Amino acid sequence: MNEYELKNINHSFDLLNGKIGCTIRKGDKWKMVNPGDILHLWNCPQAHNGSCKKANLNCEYCGTGLVLGYWYGPIRELPESLLKIEHNFTAQNLPILIEMFKTAYGEINDDDMYLSLIYMRLSGNEGIKEEIEFDKDVLAKLGELSLITGKNVEDIVTQILIKNIEKLENE
Ligand SMILES: [Zn+2]
């Protein structure tokens with residue numbers, strides 16, 4: 001299991017703890033992740049590259065996420081089911097998402113490849129107890145995700161999920 005920093009630049013992490021969402025990023029940087037990896041979520045005005053601390057900017061640690069898998073392809077083929085779970089709720093609308101890409105990446109082309117990194121929020125946005133009541137919904141979502149990603153993530157992730165829910169309950 002590896003741990004990574006997932007950085008949003010002035011872009012909120014809206015998922016509640018226990019909910020599944022995704023972030024959609026240009027390029028294949030996040031192809032190295034595996035189900036079960038942990039994400040440390042940072043919302044930082046400067047990509048959390050070190051300069052934020054020096055400049056004393058408002059940089060916020062937003063808790064953790066559990067990697068479930070990813071989808072990779074051109075944006076025109078992005079499954080609607082992934083757009084609907086974009087972790088920044090404002091970006092669950094394709095024209096808005098594309099405007100955000102232009103701000104982040106400059107000019108974009110139709111053939112550019114994107115990766116949707118799918119994860120479950122483990123901490124950083126309260127409501128843990130309520131959300132855990134809905135773990136059947138979470139498991140149903142995992143079934144959908146295994147179809148989207150073409151991987152048999154369900155068995156692997158269900159195990160990881162149960163382990164993490166137990167960990168949260170014992171905290
Ligand atoms: Zn920072």
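Just so it is clear, none of the values below were taken in a lab; they were calculated from the coordinates. Every value quoted in this text rests on a predicted model; they were computed, and no experiment measured them. Every residue, glycine as well, gets a Cβ built from its backbone with ideal geometry; the counts of neighbours run over all protein chains shown.
Values as computed for the structure displayed
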item: Amide H contacts of Gly124 (H built 1.01 Å from N, under 5 Å, at least 5 apart or other chain); result: Thr64
item: Per principal axis, descending, Cα span of the stretch 16-70 in whole Å; result: 35, 27, 16
item: Amide H partners (placed H, <5 Å) of Leu6, local residues excluded; result: His40, Leu41, Trp42
item: Proxy reagent accessibility, fewest Cβ within 10 Å first, across Ile96, Ile85; result: Ile96, Ile85
item: Exposure proxy ranking, count of Cβ atoms within 10 Å, fewest first, for Arg25, Arg76, Arg121; result: Arg76, Arg25, Arg121
item: 15 Å beta-carbon shell around Ala104, net charge (K/R +1, D/E -1); result: +1
item: Amide H contacts under 5 Å for Glu86, placed H, 5+ residues apart; result: Cys22
item: Ranking of Ile24, Ile108 by count of other Cβ atoms within 10 Å, fewest first; result: Ile108, Ile24
